[in-house]
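A.B. asks: Here it is, the structure, as structure tokens.
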Amino acid sequence: MEKNKMQASRYTFINKQSASNKMPRQINRNLIFNQIRVRQPVSRADLARTSGLQRSTVSLIVEELLAERWIVEGSMGRLPRGRRPTFLNLNSQRGVLALDIHPEQTTIAVTDLGGKILAEKLIVLPKNAEKVIGAIVDSIREMIAAHADRIFDGIGISLPGRFDLDLDKSVTDKSRSDKSGAGRSRSDSSGGKKSVFAPNISWPIGGIKSRVEQATGLPVVVDNVANACALSEVWFGSSDGLHDLVVVNVSEGLGTGIFANGRILRGEGGSAGEFGHVQVDPNGLPCGCGSNGCWETVASNRAGMRYYHEIASKPSPAFETLLELAEAGDPAAREAIEKMCAALGRGMHMIASALAPSEIVVVGDIANSWHFAGSLIESAMRRNPLVRVPRLRPALEAGKARLRSAVALIMNENSL
Ligand SMILES: [Zn+2]
């Protein structure tokens, strides 16, 4: 309870002191909504106690949330004496579709408003680049049809690329006839303008937002997976929203999401956070971005698999299997993962030096093996002096972090 009171006062603080992009009312609504999510069924009196907000403020917010059907009144509480309180719950009729996009596969999930996954499906994407978005759209339609009893608030899409939201607004039906727009070319459905930078994606991802919107009629929010995960850390309460944090998504490539001064740092055209494409070795291997020796060429899952190939002189298994081998003590797998973690840690040093975040949060398969990989990454990060050493940790529920981040996109967009 004390922690929550502290959190409430921090939310007040952030508003007064920093450049939060949310108004006090919205922050308090977010706080109350999250309290209901975590504690449901819960009474108004308990919300006032746990949030640290005035009883009258809580009542006002609850009435708004009820009127907008984010929450519903449920059963009556049973107390020994006095008035029987009415318990509050999230509206279980409403949901979000969450998409976690990788270069060769995509996970689609139905979640409730609290980010709880109710159904989940993995799609292996077609080899034919022109058929990929069609396959994703078909799966979304099937998922919606299978959950026809639910009202969807929108579709959140986390993807490994930078999406220029302004340019996407100009995307029209042209996306349907687009033939050229691989992510690598940065030429896509917006008529040659760069609406998306996704060097590891070889299909025309630029048209995904408009195609899914046209097919479903639902609002679609697209963002870089690392940005979305940073938002999710704040939205679902793992971070207090006051301290700066950087999310590092370790996957086929490396992406970072920067939450600073109470908001996601986006930069011109939404392209901030590309630490993965900072050159760390001028003589290094070619990178999908067109450069060579980028951080992601030495520290991504692909780098780990390449190290194994070089050390064991045989092809690497899938990255998840490589991690299992390393944990089981296989010498070549261990050496490969150690080399990858050392490279990750050196990059974390760069991030800590540049931004001095309070936390660096890791998302991706490597975060699922934190007991093994965490100390390797941390010791490499600390090898050279830092003015401030950030706390390094895996994302909460690391296995589900990417999907939950897609839910956070929709919830944040609706601003509750
Ligand atoms: Zn690069």
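The values are calculated or read from the model by the stated rules, or taken from the named source; none is laboratory data. For clarity, every value in this text was computed on a predicted model and none was experimentally measured. As a convention, Cβ positions derive from the backbone with ideal geometry for all residues, glycine included, and neighbour counts pool all protein chains shown. Heavy atoms of the whole protein, side chains included, go into the accessibility calculation; ligands, DNA and RNA do not. Shrake-Rupley method; radii C 1.70, N 1.55, O 1.52, S 1.80 Å.
A.B. asks: Would you mention how many residues in the stretch 375-403 are more than 21 Å from ALA299 (Cβ to Cβ) and at pLDDT below 90?
C.D. replies: So the count comes out to 3.
A.B. asks: Considering the stretch 137-162 alone, what residues qualify as being open to solvent by less than 30 Å² (accessible area, probe 1.4 Å) and touching a residue at least 60 places away in the same chain (Cβ under 8 Å)?
C.D. replies: Passing the criteria: VAL137, ILE140, PHE152, ASP153, GLY154, ILE155, GLY156, ILE157, SER158, LEU159, GLY161, ARG162.
A.B. asks: Something else now. Which residue is nearest to the ligand (Cβ to nearest atom), if the candidates are limited to the stretch 264-303 and must be among the hydroxyl-bearing types (Ser, Thr, Tyr) and outside any helix (DSSP H, G or I)? Working first, answer last.
C.D. replies: Quick first cut of the stretch 264-303, residues among the hydroxyl-bearing types (Ser, Thr, Tyr) only: 271, 291, 297, 300.
Now restrict to residues that are outside any helix (DSSP H, G or I): 271, 291, 300.
Numbers: SER271: 13, SER291: 5, SER300: 10 Å.
This residue is SER291.
A.B. asks: (1) surrounded by fewer than 20 Cβ atoms within 10 Å (Cβ to Cβ); (2) more than 23 Å from the chain's Cα centre (by Cα): which one isn't true of LEU322, the others all being true?
C.D. replies: Going through the list (1) surrounded by fewer than 20 Cβ atoms within 10 Å (Cβ to Cβ); (2) more than 23 Å from the chain's Cα centre (by Cα), LEU322 breaks only (1).
A.B. asks: Whether any residue in the stretch 237-248 is within 16 Å of the ligand (Cβ to nearest atom) and touching a strand residue (DSSP E or B) at 6+ places or on another chain (Cβ under 7 Å) is what I want to check.
C.D. replies: Yes - at least one qualifying residue is present in the stretch 237-248.
A.B. asks: Oh, and also: Given the criterion modelled with pLDDT of 95 or more and either over 27 Å from GLU104 (Cβ atoms) or aromatic (Phe, Trp, Tyr) (or both), identify the matching residue among ARG334, ARG346, ARG306.
C.D. replies: ARG346
Rundown of residues vs (1) open to solvent by 70 Å² or more (accessible area, probe 1.4 Å); (2) touching a helix residue (DSSP H, G or I) at 6+ places or on another chain (Cβ under 7 Å); (3) acidic (Asp, Glu); (4) not in a strand (DSSP E or B), yes/no style:
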site	(1), (2), (3), (4)
ALA367	no, yes, no, yes
LEU376	no, yes, no, yes
ALA380	no, yes, no, yes
ASN384	yes, yes, no, yes
VAL387	yes, no, no, yes
LEU396	yes, no, no, yes
ALA401	no, yes, no, yes
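A.B. asks: Specify the residue that is surrounded by the most Cβ atoms within 10 Å (Cβ to Cβ); the eligible residues are those in the stretch 25-37 that are over 14 Å from SER92 (Cα atoms) and not charged (D, E, K, R).
C.D. replies: Looking at the filtered set, the residue picked out is ILE32.
A.B. asks: Got a number for residues in the stretch 113-171 being within 26 Å of VAL248 (Cβ to Cβ), in contact with a Leu (Cβ under 6 Å, 6 or more places away or on another chain) and modelled with pLDDT of 90 or more?
C.D. replies: 3
A.B. asks: Pairs only if they're at least six apart or on different chains, beta carbon under 7 angstrom, first in the stretch 271-298 and within 14 Å of MET348 (Cβ to Cβ), second more than 8 Å from the ligand (Cβ to nearest atom) and acidic (Asp, Glu); list them, first residue then second.
C.D. replies: VAL298/ASP281
A.B. asks: Could you grab me the full set of residues in the stretch 118-136 that are within 27 Å of LEU231 (Cα to Cα), touching a helix residue (DSSP H, G or I) at 6+ places or on another chain (Cβ under 8 Å) and surrounded by fewer than 16 Cβ atoms within 10 Å (Cβ to Cβ)?
C.D. replies: Correct list: ALA119, GLU120, LYS121.
A.B. asks: Let me ask something else about it. Among the residues of the stretch 325-333, is any more than 21 Å from VAL363 (Cβ to Cβ), crowded, with 23+ Cβ neighbours inside 10 Å and more than 10 Å from the ligand (Cβ to nearest atom)?
C.D. replies: As a first pass, look at the stretch 325-333 and keep what is more than 21 Å from VAL363 (Cβ to Cβ): 325, 328-333.
Cutting the leftovers down to crowded, with 23+ Cβ neighbours inside 10 Å gives us 333.
Within this subset, residues satisfying the condition of being more than 10 Å from the ligand (Cβ to nearest atom) are 333.
Yes.
A.B. asks: What are the residues in the stretch 257-283 that are farther than 24 Å from GLU413 by Cβ and open to solvent by less than 20 Å² (accessible area, probe 1.4 Å), if any?
C.D. replies: As a first pass, look at the stretch 257-283 and keep what is farther than 24 Å from GLU413 by Cβ: 275-283.
Residue satisfying the conditions is GLY276 alone.
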